[in-house]
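What follows is a set of notes on a single structure, which appears directly below.
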Amino acid sequence: MNQYNAHNIKSFAIIGHQGCGKTSLVESLLLKSKTIASKGSVEEGTTVSDYTKEEKAAQVSMYAPIIPIEFLEEKCNFIDCPGFFDFEQETRNSLRAARNAVLVIDAVKGVEVGTRKVYKLARKYNCPTFLFINKMDKENIKLDELLEQLRTSFDKRAIPFTWPIGQADEHKGYLHLVDMTASINGEVCEIPAEYNDIAKELHQNLIEAAANYDETILDKYFGGEEVSVEELSIALKKAVYGGKLIPTIFGSAKKDSGTKGLLRIVKKFAATEAEPKVFFEDKWSNEVDPNDVCKDEGPFSAYVYNTVVDPFVGKISYIKVMSGSISKDQTVQNVNKDVKERINNIGMMRGKDNIETSTICAGDIGVLMKVASLETGDTICEPGLDIKFTPIKRMEPTIYFGMVVKNKNDEGKITESLKKISTEDISIVVTRNPELKQLLVGCQGQSHIDNVVNKLQNVYNIAVDLEDAKISYRETIKGNSDVEGRYVKQSGGAGSYGVVNIKFSHSEEDFEFVNSVFGGSVPTNFIPCVEAGLRKSLEHGVLAGFPVIGVKADLYDGKSHPVDSKPLSFEMAASFAFKDGCKKAIPTLLEPIMEIKVVAPNEYIGDIMGDLSKRRGIIMGIDPDGEEQYITAEVPQSEVTKYIIDLNTMTQAQATFKMKFIRYDEVPSMLVDKIVAENKVEE
């Protein structure tokens, strides 16, 4: 592969709803650019980008491989992103690294839920976007309705740069509306006479759109002067860069129709890596990082935007070079870890295939092999360079699953295997809950955890079962008690003697210990032993063995023996007193309460509020924001352990939510016995 500089490199995240044909589009682009001699098939598992065992089995993209293509003296790095919502982190990482986006839409289904979702993400990352209307070879395409839907969904920014000549079986080519030519059966030609009127109308629409963003075009438009193709192209390119216009291209990836036209349009109108991002002035945009500009000159700097752990090769770090270049045997600084690393192996990937290269230049995407310290989001640069790029944000898990190995011999290696999986996908969180003795894996949904399970089996040869995440309940007391705790043993030889009298009551603090002993009935040196025994007893309550909070213990009397009293005697006496005292002081359970914030379109707000109420939730506030609303509620954790699955079903996956722990509240009395019974069975 040839070397290119930032002015001749363009990068694209291929995004869209699941099943719209993104991977097939990439195959067609590879074919039309003569990168491959024959196309692969999703159904047959032979595509360049969907190469893992999990993807082939499911026929669904789960990762975001880089697919470089050389076309007309430029290099285009296409990143084939998953369409399934559970793998959104891959899409976010890719949009962070890409300069542009190609949003693929199924011509039959039109704008779907995933279409809107990834469009917002592309706007958030300030990526100039191109629409590719796929599957134009299908029947029952209502073109007028589709155009109206595009205008509405994309704020009137979407505008045709091509137009289909014929549909379904009669489809044979396209009008190219910028330069007013046509291509029929792959050959460039004049516009057919029967399409002259529609071509002129759509060309005029382009001029009117350009006039809104270019004064020269505006003056000529109102003056009735002719606008040249070059003038129009410059104005359109400026509007596309700024996110004002979204070029719309029609085609069929399956039939390899319109894909070469897409390559020509992105060559002419897409932003190169040398051109800084423009901040899109809408509610989804983030601030543009001033460091996020690719420069051919200067010292080397880059960031890691993705990580793959290959069982044979090891860790593969995908980097976006922002300035200078990197070569084999170069020493770099990992800014985030403050360590220096010697780079022994570099390359460029096309799917799973490594393309050998001696240098990765500014604006390009490449890989570093087996660099131990590198993780997704890290900045690397020449030692001593003062720079740090905006880190890639990790999506918080929306659901947790318990995981149990089927073969006990795998206990020792599952932690390391899950660590590698979570290194690849930073939205996967692995924790161990020592209190509940459960290994927990946090992810984005059912398909996400299924992929983790499959990968453990296929790559690491570890079979696991999933179980519901357990709830960390707490125990407390609501009443008062006055008890005596005795630990007296006299069976020949050295004895043990400790007696304590303690009053127990509820406290607003986790634990209060009060020493009210008068007259030395419990010697001063044994008072700390009593407190230690009580604190140790807090670890296991009397109802179901959950930790205890909200208890006040007032030690007011006791007895000791001048010979047989020992520290352990009073620790044990305090423990016995605690158990007896809690049983007599009306013990009950406390459950974790979560603050949950849901963002959803207006039409689903009523259903969501009703559903939260059924989950014993309390609505704390509703804040409108255009076509969406933010709902804040407080809900018991036990009611929302699988909330993301139900929320997606209820809203067609158009809602998102975040939640955090805020406090413990008393469990309703009618649920206490059930929870106690369930947890005593598990002990």
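No value in this document is a laboratory result; all are computed from the given coordinates. Everything numeric here is computed off the predicted structure, so don't read it as measured data. Using ideal geometry, Cβ is built from the backbone for each residue, glycine included, and neighbour counts are taken over all protein chains shown.
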With N set to the number of residues, divide the alpha-carbon radius of gyration of the range 592-682 by 2.2 N^0.38 Å and report two decimals. 1.19
Determine the distance separating the Cα centre of the range 391-468 from the Cα centre of the range 14-75; give it in Å without decimals. 28 Å
Residue-averaged 222 nm ellipticity for the chain, from DSSP H runs of 4+ at -39500 (n - 2.57), nearest 500: -8500 deg cm²/dmol
Helix 567-584: inclination vs the chain longest Cα principal axis, degrees, rounded to 10, gives 70 degrees
Where does each of 430-441, 55-66, 87-98, 560-571 land if you order them by average Cβ count within 10 Å, highest first? 87-98, 55-66, 560-571, 430-441
Over the alpha-carbon set of the range 475-585, divide Rg by the Kirkwood Rh and report the Rg/Rh ratio to two decimals. 0.98
The range 124-176: trypsin sites (Lys or Arg not before Pro) in DSSP loop, at most 13 other beta carbons within 10 Å: Lys142, Lys156
Could you give me the radius of gyration and the Dmax of the range 399-468, taking only the C-alpha atoms into account and expressing both in angstrom? 10.9, 31
Residue-span extension gain [Asn433 to Asp646] - 0.36 nm each, minus C-alpha spacing: 74.2 nm
Extreme residue, positive dipole direction of the range 552-615, given options Phe570, Gly606, Ala585 (C-beta unit charges): Phe570
Run the dipole for the range 268-335 about the Cα centre, Lys and Arg Cβ at +1, Asp and Glu Cβ at -1, nothing else charged, and hand back the magnitude in debye, nearest 20. 220 debye
Which length gain, in nm to one decimal place, applies between Asp465 and Thr331 when the Cα-Cα distance is subtracted from 0.36 nm times their residue separation? 43.9 nm
Between Lys478 and Glu170, 0.36 nm times their residue separation minus their Cα-Cα distance comes to what? 103.0 nm
The summed charge of the Ser521 Cβ neighbourhood (under 10 Å; Lys/Arg +1, Asp/Glu -1) stands at 0
Could you size up the charge dipole of the chain around its Cα centre, putting +1 on the beta carbon of Lys and Arg and -1 on that of Asp and Glu, and report it in debye to the nearest 20? 1760 debye
Find the eigenvalues of the gyration tensor of the Cα atoms of the chain, then list the square roots of 5 times those eigenvalues as equivalent ellipsoid semi-axes, largest first, in whole angstrom. 62, 28, 22
Bridge orientation stat for the range 84-219 from DSSP, antiparallel percent rounded to 5, came to 65 percent
Using a 7 Å offset from the Cα along the Cα-to-Cβ direction at both Ile618 and Val488, what is the distance between the two label points in nm, to one decimal? 4.9 nm
Counting Lys and Arg as +1 and Asp and Glu as -1, what is the net charge of the other residues whose Cβ lies under 12 Å from the Cβ of Lys172? -3
One finds, for Met180 and Lys267 with R0 = 25 angstrom and r their Cβ-Cβ distance, a FRET efficiency to the nearest 0.05 of 0.85
Whole-Å semi-axes of the range 34-153's equivalent ellipsoid (Cα gyration tensor): 23, 19, 17
Could you work out how far helix 411-424 tilts from the main Cα principal axis of the chain, as a 0 to 90 degree angle to the nearest 10? 40 degrees
Asp155 and Asp282 label points (each 7 Å along its Cα→Cβ direction) are spaced in nm at 0.4 nm
Percent of Cα pairs exceeding the 14 Å cut-off, where the set is the range 301-381: 57 percent
To the nearest 0.05, how large is the calculated FRET efficiency for Glu73 and Gln18 if R₀ is 30 Å and r is the Cβ-Cβ distance? 0.30
Of the listed links Lys470/Lys584; Lys22/Lys109; Lys124/Lys277; Lys142/Lys244; Lys53/Lys320; Lys142/Lys254, those spanning more than 22 angstrom between alpha carbons are Lys470/Lys584; Lys142/Lys244; Lys53/Lys320
Any idea which of Phe657, Asn336, Val405 is furthest toward the positive side of the dipole for the chain, if Lys and Arg beta-carbons carry +1 and Asp and Glu beta-carbons -1? Val405
Between the Cα axis of helix 22-32 and the main Cα principal axis of the chain, the angle (0 to 90°, nearest 10) is 40 degrees
Globularity index of the range 127-251, i.e. its alpha-carbon radius of gyration over 2.2 N^0.38 Å: 1.07
Just grab the label-to-label distance for Asp607 and Glu508, each label 7 Å out from Cα along the Cβ direction, in nm (one decimal). 4.3 nm
Here D for the range 95-200, in µm²/s, from Stokes-Einstein with a Kirkwood Rh over Cα pairs at 25 °C and 0.890 mPa s, works out to 163 µm²/s
Once the mean of 1/r over all distinct C-alpha pairs in the range 217-328 is inverted, the Kirkwood radius in Å reads 18.0 Å
In whole Hz, what ³J(HN,Hα) sequence does the range 47-56 give by Karplus (6.51, -1.76, 1.60; θ = phi - 60°), x for Gly and Pro? 6, 5, 8, 8, 10, 7, 4, 5, 5, 5
Below 18 Å, Cα to Cα, which aspartates and glutamates can Lys489 reach? Residues fewer than 8 away in the same chain don't count. Asp564, Glu571
So if I take the centroid of the Cα atoms in the range 198-249 and the same for the range 517-575, what is the distance between those two points in Å? 84 Å
